[in-house]
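Accompanying notes for the structure given below.
The values are calculated or read from the model by the stated rules, or taken from the named source; none is laboratory data. These figures come from a predicted structure and were not determined experimentally. Positions of Cβ are backbone-derived with ideal geometry, glycine not excepted, and every protein chain shown enters the neighbour counts.
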Amino acid sequence: MTTGVLTAENARRVQIALVGPPNCGKTTLFNTLTGGRQKTANYPGVTVERKSGRLRTPVGHTVELLDLPGSYSLRARSPDEAITRDVVLGRQAQEGLPDAVVCVTDATNLGQHLRLLLELRQLGRPLILALNMMDIAEKRGCQISIETLSRQLGIPVVTTVAMRKNGVQDLLGEIDVLLNQTPVTTGTATTDDWQEPSADTIRAYHQEVERLLREAVIQEAAPERLTRQLDRVVLHPVVGPLILLGILFLMFQAVFSWAEAPMDWIDAGMVSLQQWLAAHMEESLLKSLVVDGIIAGIGGVVIFLPQILILFLFILLLEDFGYMARAAFLMDRLMSAVGLNGRAFIPLLSSFACAIPGIMAARTIAHPLDRLVTILIAPLMTCSARLPVYVLLIAAFIPNTAVWGGIGLQGLVMFGLYATGIVGALAVAGVLRLTLLRGDRQPLLMELPSYKWPNPANVLLGLWERAKIFMRRIGTIILSVLIVLWFLSTFPAPPAGATEPAIYYSFAGMIGRGLEPLLAPIGFNWQIAIALVPGLAAREVAVAALGTVYALSGDEGAVTEALSVTLAQSWTLATALSLLAWYVFAPQCLATLAAVRRETNSWRWATFMFVYLMVLAYVAAFVTYRVALALGGG
């Protein structure tokens, strides 16, 4: 077969796909090549993430680079791997066939990673092999003959160090060469007649990999002593879980202690802005909208940005360091008790940041029942959108004191809320696996990556992306809901001679008072009822809604008073604890329900999840409220 010529004249529309197994440093390479010139979207019809970015080669060619999900083989066994296969084969809707493919492999683990390259080579597409992490391989004493490997494969082979900008120059140079010549075709199959490799073909691939290693690897790498030593401790059946527990506990303590100063700065800035606008704007509906609706609501949400970024910082560092896979192995025994395996732990841990990427991450679980159970319990992990509610109520009702040798009580309560969500998720998983989703447990098979220092640039880029997403939600969903909420809270005007705050007589007040009889048994008042309804759009809106409701319910001084102080004066401890219990189990935002629908291709499971979470939330809040009252918390 023949392939098209990639030249400087048509380089503007050249698209190159990055393909490689998990943990090979592919995404780090993508970030280094594209920098900030990248965008994230979803592939049409699915929630698999599509990351693309622009790079400029040394001679000035502009290339669109695609970062495809990690895959060990074109024999797709998960939705993520299916997307990689379909894009490479040109079968993905609205996605053209890539002009070339860069296969990224871990130079320290060629025996496991070269099989994918052999499958890609059979497609006959322009192909480059990038031996990544070459610096680590050399430190371990590994010596690879690049010339021999290139000659045996019949394709260009380059070495890369993705964590360094000067470590990708050989790859950029080879891309330039590719853009100005007719690529050499080495495969016998085409993307049109590709078929899944048979068992005999796979055995032949493994034999070919062994032959290539004998020919091209001059000296094999010595097993990394530090990795072995660390794994003896980190994967110890007793010490390992204690280390994991300690890391999670440190994370929740840091969410409070590290974020205190930046939160104070943001709070002071928002209060100053609120006071300045209140003093300089004439009394009007516009002033009420800006001061009481938008600023009071958004100010109550944006203040939690430092804590959310600290939570993401820990998750990104653990992923880059190589600890996440170890955590999955550590949790395998616990997960097996509820019919899952340790692979479900990574999507669940990702759900601490947001349930949506956690639900999406379940695509890496091959077994359909395990994947479905993981999706259904992912919202029970405490996502960052719950964090503003937790922090607000803990700051208002839990003393900022130290217990047990200096451990902060507020951080301890936060850890307890997260732990309650985890225990609840495992209990629900066990019930589902014994009833609706009964089936055999699948064993855990997972590659353990080598430990490596996190790339600061990647971590900062990840934090920047999360900050943009958070602020975009504030500027779109939350702002829109706040404007609607302000309208419902302002109109109609109170009747003549009214004795209650104006919001009491508004549409929002009517909704809140209509729901109050249903929520009174769990200690919720009509103001909380008002906040719960828009909170279905996005968790953070509940805090913004409370800020708006209490700003419109109070006097002039209440507009600028800290919301936590206002709640501490207005609610009982039993009500606050009941609301915390509600938020541990309450259904996630509508976007999460939509993600469940897309991942399961059915509203049936999304509806089931909403109903069971609502029932759990009500029961947990009821029990908490009644116990707190019995103990004198009223």
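Okay, here's what the table says:
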{"read-out": "Residue within segment 545-553 that is at pLDDT below 80 and either among the aromatic types (Phe, Trp, Tyr) or in contact with a strand residue (DSSP E or B) (Cβ under 6 Å, 6 or more places away or on another chain) (or both) present", "value": "yes"}
{"read-out": "Residue that is farthest from Arg466 (Cα to Cα), among those in segment 366-386 that are aliphatic (A, V, I, L, M) and surrounded by fewer than 22 Cβ atoms within 10 Å (Cβ to Cβ)", "value": "Leu369"}
{"read-out": "Filtered residue count, segment 416-450, keeping only those that are under 21 Å from Met324 (Cα atoms), of a type outside the set (A, V, I, L, M) and modelled with pLDDT under 80", "value": "5"}
{"read-out": "Matching option when the condition is part of a helix (DSSP H, G or I), closer than 22 Å to Leu55 by Cβ and out of contact with any His (no Cβ under 9 Å at 6 or more places or on another chain), among Leu110, Leu172", "value": "Leu172"}
{"read-out": "When residues of segment 400-422 are limited to those that are more than 17 Å from Arg386 (Cα to Cα) and hydrophobic (A, V, I, L, M, F, W, C), the one surrounded by the fewest Cβ atoms within 10 Å (Cβ to Cβ)", "value": "Trp404"}
{"read-out": "Of the criteria (1) surrounded by fewer than 16 Cβ atoms within 10 Å (Cβ to Cβ); (2) over 33 Å from the mean Cα position of the chain (by Cα); (3) in contact (Cβ under 8 Å) with a residue 40 or more places away in the chain, which one Glu147 fails", "value": "(3)"}
{"read-out": "Complete set of residues in segment 36-85 that are modelled with pLDDT under 85, in contact with a strand residue (DSSP E or B) (Cβ under 8 Å, 6 or more places away or on another chain) and not polar (S, T, N, Q)", "value": "Arg37, Lys39, Ala41, Tyr43, Val48, Glu49, Arg50, Lys51"}
{"read-out": "So Leu74, is it farther than 23 Å from Asn31 by Cα and part of a loop (DSSP other than H, G, I, E, B)", "value": "yes"}
{"read-out": "Selected residue (only one of Ala591, Ala576 is under 16 Å from Phe397 (Cα atoms) and out of contact with any Asp or Glu (no Cβ under 7 Å at 6 or more places or on another chain))", "value": "Ala576"}
{"read-out": "Pick from segment 600-618, criterion free of Cβ contacts under 8 Å to residues at least 24 places away in the same chain and in a helix (DSSP H, G or I), ranking: farthest from Ala361 (Cα to Cα)", "value": "Val615"}
{"read-out": "Residues of segment 229-249 satisfying the condition of being part of a helix (DSSP H, G or I) and in contact with a helix residue (DSSP H, G or I) (Cβ under 8 Å, 6 or more places away or on another chain)", "value": "Asp231, Val233, Val234, Val239, Gly240, Pro241, Ile243, Leu244, Ile247, Leu248, Phe249"}
{"read-out": "Residues within segment 124-144 that are surrounded by fewer than 22 Cβ atoms within 10 Å (Cβ to Cβ) and assigned to a loop (DSSP other than H, G, I, E, B), tallied", "value": "4"}
{"read-out": "Filter result (part of a loop (DSSP other than H, G, I, E, B), surrounded by fewer than 17 Cβ atoms within 10 Å (Cβ to Cβ) and in contact (Cβ under 8 Å) with a residue 12 or more places away in the chain) within segment 620-634", "value": "Gly634"}
{"read-out": "Residues satisfying the stated conditions in segment 585-627, i.e. small (Gly, Ala, Ser), under 19 Å from Gly421 (Cβ atoms) and at pLDDT 90 or above", "value": "Ala617, Ala620, Ala621"}
{"read-out": "Test: Leu567 is part of a helix (DSSP H, G or I), in the same structural domain as Ala520 (by TED's automatic domain parsing) and either closer than 22 Å to Leu387 by Cβ or not hydroxyl-bearing (Ser, Thr, Tyr) (or both)", "value": "yes"}
{"read-out": "Hey, Gly20 more than 22 Å from Arg466 (Cα to Cα), at pLDDT 75 or above and surrounded by fewer than 17 Cβ atoms within 10 Å (Cβ to Cβ) or not", "value": "no"}
{"read-out": "Count of residues meeting criterion [more than 19 Å from Ala327 (Cα to Cα) and among the β-branched types (Val, Ile, Thr)] in segment 349-372", "value": "1"}
{"read-out": "Residue tally, condition of a type outside the set (Phe, Trp, Tyr) and closer than 20 Å to Ala591 by Cα, over segment 449-487", "value": "20"}
{"read-out": "Selection count where residues are of a type in the set (Lys, Arg) and within 11 Å of the chain's Cα centre (by Cα), scope segment 354-391", "value": "0"}
{"read-out": "From the options Gly90, Gly111, residue that is surrounded by fewer than 21 Cβ atoms within 10 Å (Cβ to Cβ) and either of a type in the set (Lys, Arg) or within 21 Å of Pro449 (Cβ to Cβ) (or both)", "value": "Gly111"}
{"read-out": "Of residues in segment 100-113 being modelled with pLDDT of 90 or more and aliphatic (A, V, I, L, M), the one farthest from Gln207 (Cα to Cα)", "value": "Ala100"}
{"read-out": "Tally of residues being part of a loop (DSSP other than H, G, I, E, B) and surrounded by fewer than 21 Cβ atoms within 10 Å (Cβ to Cβ) across segment 279-311", "value": "4"}
